[in-house]
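Here the structure comes first, spelled out in structure tokens, and everything after it is commentary.
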Amino acid sequence: MKWATNLLAATAIAAASNTSATELEVMHWWTSGGEAAAVGELAKAFDASGHTWVDAAIAGGDPARAVMVSRLTGGDPMGAFQFNHGRQAEELIEAGLLRDITDIAEAEGWKDIVNPTSLLDSCTVDGRIYCAPVNIHSWQWLWLSHKAYKDAGIDVPANWDEFVAAAAKLEEAGTVPLALGQQGWQQSGLFNVLMAALVPNDVFMSVYGDKDADVAGGEAVARVFKAAADARAMSSKSTVQNWNDATNLVITGKAGGQIMGDWAQGEFAVAEQVAGDDYSCLPGLGVTQLLSTGGDAFYFPVLSDDEQTAAQSELAALMLKPATQVAFNLKKGSLPVRGDIDLSTANDCMQKGLALLADGALLPDTNQLITPDTNDQLNTLFVEFFADTSMTTEDAQAQFVSIISSAE
Amino acid sequence: MSSARPSRLFRNKSAKIAAIPMIVTALFVFVGGTIWTVVYSFTKSGLLPRLKWVGLDQYERLWATRKWLVSIENLAIYGFCMLLFVFVIGFILAALIDQKIRFENTIRTVILYPYALSFVVTGLVWQWILNPEFGVQKIVRGWGWESFNFDPLYNADIAIYGVLIAGLWQGSGLVMVLMLAGLRGIDQDVWKAARVDGIPAWKTYLLIVIPMMRPVFITTLVLVVTGIVKIYDLIVAQTGGGPGISTEVPAKYVYDSMFRANNLGQGFAASTMMLLTVALVVIPWAILEFGGSKNHD
């Protein structure tokens, strides 16, 4: 990667000349092709300000979070780190490990420019702001390979029901109907997408927002489990692990489709595929047009070094500048956090997302509603459900109810 | 040397002084850490340790969690089979090598070699060997046996045995070397006497040699059992706990609770249960070995 070489060179020069430029170690888990390209844009912008971005990437969200937390609690903080904002950072903030950046947010007027406001709310604890949101990610997308459907001699589906109906034809042609990585977060993510798209909105909010066990055990959620069983059957031949390997099956036409968040878009871009020609995207599975607004944010640990603290402030402000937002989000495939910038260069799929964002057809992300503990229990449940075809939807739903009823 | 007999405590003074840092570290890190973990297993610690008491809640939740029960069951299956096979295979290999064969050094090195590989490498290698698309199944099918099916890692019912194969491949060499050392320690006169009396070789092994090798067996047992209880990296590298949760093990449950679920209390409760298991094995052994006779040192 070219920027990495530049970075090394810059570091060497900075070290040799001992200028006032400050090095800031930034940790994140953006390591797939599209993600690395996007984070490179942030690094480039930060380096242009005279400081040095020291990249510390760790592959995979789970191991990365473990390293970040142990470094923070162990008293060896990094300059800045990426997190999914929401409830993951709650305890770190309570323990006073993270820097209050309210002053920067006020100086930059984040309150007025961040849209939807729920993103900034997720960064706010007791009225103080602790993180800089950088993008909006939504889970509710079905990515479809035009090649796979052409090979099977059928039209590209326009919604979930057509997608399920087309599965048999795809299997005859030797194609996997649904690509799905064998990891819990992908499987529970798929389930949550089905819940958001196939049954009315308030079900999702009652289950994850209010933790209502009656709704979780009810008729609507039973329908979602039935759909998940369909997904399980369609993905039985998908043996890949990582989400980007699954996306690659769709890109190469070996799989019909994948339910994955909009970060999959970055992979299509890296493979130089064109939305509408090579692949299609259906927000809300083509059924219910709405998006959840999770996303990534950067947090800034409390540091003792004044120069580094100043560099943190600059980085935080920089992340929400219009130019950075455009460059970063185009590469990442995510939506920008501010509604006032021009994204006419964005492709077909991103335009659909922007339109939904403008309409306010939005849901909070599960990370903002449930704790990592509950999330992990759900991941375990779905990893089991998708691997074990003998597990009935009723059994799975019973376990689901018990997890939701004990959630905080 | 003074004429008065020095007290036992002050014998080998310099050696004892040199050992003090190690003793202090061991006490502080191991004992202190253990007590700390057990104490915090009764709290509701999330991402960070917090002294918010919840009594036995963490343990109740632990024993009501399917993943933990599956983990325990897997550990029991893996542990039992591992112990049984590793001893049988290790002893038979050692007995064969002990027949004064040619190229003993080469063979011994080849068999011990897997032990020099980390569990991560072992796990990955066996993941590939057992993968139906390019491992054993494909090779056998290539020989013409088209219906041959061998994909333990993709079948939830037998996946743990796929892990067991890798564990045996890695561990048998060490057991063999230990057993071989034990066999070499048996006086040749014992063999001569047995031959004079006309006792068949297998009977000599079973009734005379093995009982004489008791110390070796006990050392090996402790090494193998602790290896079994702490198994983690092999699982992570080979199956990641899958398919589903069919190859989860307790150590992985601890890690997942602490670092993925941000639930330290639950992880501490699980590790306390693991400590109990190890204590159940090690304490009786220590009493057997070091208790009783005081003049052992």
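Values computed for the structure shown
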{"quantity": "Using a Förster distance of 41 Å, the FRET efficiency for residue A:321-residue A:245 (Cβ separation, nearest 0.05)", "calculated": "0.75"}
{"quantity": "Pairwise label distance in nanometres, residue A:159 with residue A:314, each label 7 Å out on the Cα-Cβ vector", "calculated": "5.3"}
{"quantity": "Portion, in percent, of the accessible area of the stretch A:51-145 that falls on carbon or sulfur, probe 1.4 Å", "calculated": "46"}
{"quantity": "Cα-projected label distance for residue B:103 with residue A:150, points at 7 Å along beta-carbon direction, nm", "calculated": "5.7"}
{"quantity": "Exercise: per-residue mean of other protein chain Cβ atoms within 10 Å, A:378-387", "calculated": "5"}
{"quantity": "Entries of A:226/B:138; A:111/A:332; A:237/B:138 with Cα pairs more than 28 Å apart", "calculated": "A:226/B:138"}
{"quantity": "Choice from B:85, B:30, B:42 with maximal GNM fluctuation in chain B (Cα, 10 Å cutoff)", "calculated": "B:30"}
{"quantity": "Computed accessible area, residue B:129, all protein chains, 1.4 angstrom probe, square angstrom", "calculated": "60"}
{"quantity": "Centroid-to-centroid separation of the stretch A:252-274 and the stretch B:211-286 [C-alpha atoms, Å]", "calculated": "40"}
{"quantity": "Inter-part distance where the stretch A:299-345 and the stretch A:163-219 are each reduced to a Cα centre, Å", "calculated": "33"}
{"quantity": "Stretch gain in nm, segment residue A:121-residue A:252, where the contour uses 0.36 nm per residue and the Cα spacing is subtracted", "calculated": "43.2 nm"}
{"quantity": "Shielded residues, the stretch B:252-267 - accessible-area loss of 50 Å² or more between chain alone and all protein chains, probe 1.4 Å", "calculated": "B:259, B:260, B:261"}
{"quantity": "Cβ-based net charge around residue A:388, under 11 Å, with every Lys or Arg adding one and every Asp or Glu removing one", "calculated": "-2"}
{"quantity": "Residue A:111/residue A:406 FRET efficiency (R0 41 Å; Cβ-Cβ; nearest 0.05)", "calculated": "0.70"}
{"quantity": "Residue-count net charge about residue A:64 - beta-carbon cut-off 14 Å; Lys, Arg +1, Asp, Glu -1", "calculated": "-2"}
{"quantity": "Protein accessible surface hidden between A and B, which excludes ligands and nucleic acids, total in Å², probe 1.4 Å", "calculated": "1800"}
{"quantity": "Proximal lysines to residue B:252, defined as alpha-carbon separation beneath 22 angstrom and excluding residues fewer than eight positions away on the same chain", "calculated": "B:44, B:67, B:230"}
{"quantity": "Label zone at residue A:304 (point 7 Å along Cα-to-Cβ), backbone N below 11 Å, the stretch A:99-128", "calculated": "none"}
{"quantity": "Solvent-accessible area, 1.4 Å probe, carbon plus sulfur percent, for the stretch B:63-290", "calculated": "70"}
{"quantity": "Calculated P(r) of chain A - Cα pairs past 40 Å, %", "calculated": "16"}
{"quantity": "1.4 Å probe accessible area per residue over chain A, in Å²", "calculated": "38"}
{"quantity": "Interface residues, the stretch B:226-248 - accessible area loss of 20 Å² or more versus chain alone, probe 1.4 Å", "calculated": "B:244, B:245"}
{"quantity": "Coarse-grained scattering of the protein assembly as shown at q = 0.05, 0.07, 0.12 Å⁻¹, given as base-10 log I(q)/I(0) from a Debye sum over alpha-carbon atoms", "calculated": "-0.32, -0.60, -1.41"}
{"quantity": "Those aspartates and glutamates that a straight Cα-Cα span of less than 17 Å connects to residue A:352, excepting residues fewer than 8 apart in one chain", "calculated": "A:262, A:277, A:278, A:340, A:342"}
{"quantity": "Simple spin-label estimate for residue A:355 and residue B:150 in nanometres, 7 Å along Cα-Cβ", "calculated": "5.6"}
{"quantity": "Heavy atoms of residue B:245 accessible to a 1.4 Å probe, total area in Å² rounded to 10", "calculated": "10"}
{"quantity": "Spin-label proximity, residue B:290 to the stretch B:10-24 - amide N less than 20 Å from point 7 Å beyond Cα toward beta carbon", "calculated": "B:10-13, B:15-24"}
{"quantity": "CD proxy at 222 nm, helix term only [per DSSP H run n ≥ 4: -39500 (n - 2.57); per residue of chain B; nearest 500]", "calculated": "-19500 deg cm²/dmol"}
{"quantity": "Hull volume in cubic angstrom per residue (convex hull over the Cα atoms of the stretch B:63-290)", "calculated": "163"}
{"quantity": "Residues along the stretch B:57-95 losing 50 Å² or more of accessible surface when the other protein chains are present rather than the chain by itself (probe 1.4 Å)", "calculated": "B:61, B:66"}
{"quantity": "Per residue value of the accessible surface for the stretch B:129-193 (all protein chains in place, 1.4 Å probe), Å²", "calculated": "52"}
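The values are calculated or read from the model by the stated rules, or taken from the named source; none is laboratory data. Everything numeric in this text was worked out from a predicted model, so none of it was measured. A quick note on method: Cβ atoms are made from the backbone with ideal geometry, for glycine too, and the neighbour counts reach across all protein chains shown. Calculation scope for accessible area: heavy atoms of the full protein, side chains included, ligands and nucleic acids excluded. Shrake-Rupley method; radii C 1.70, N 1.55, O 1.52, S 1.80 Å.
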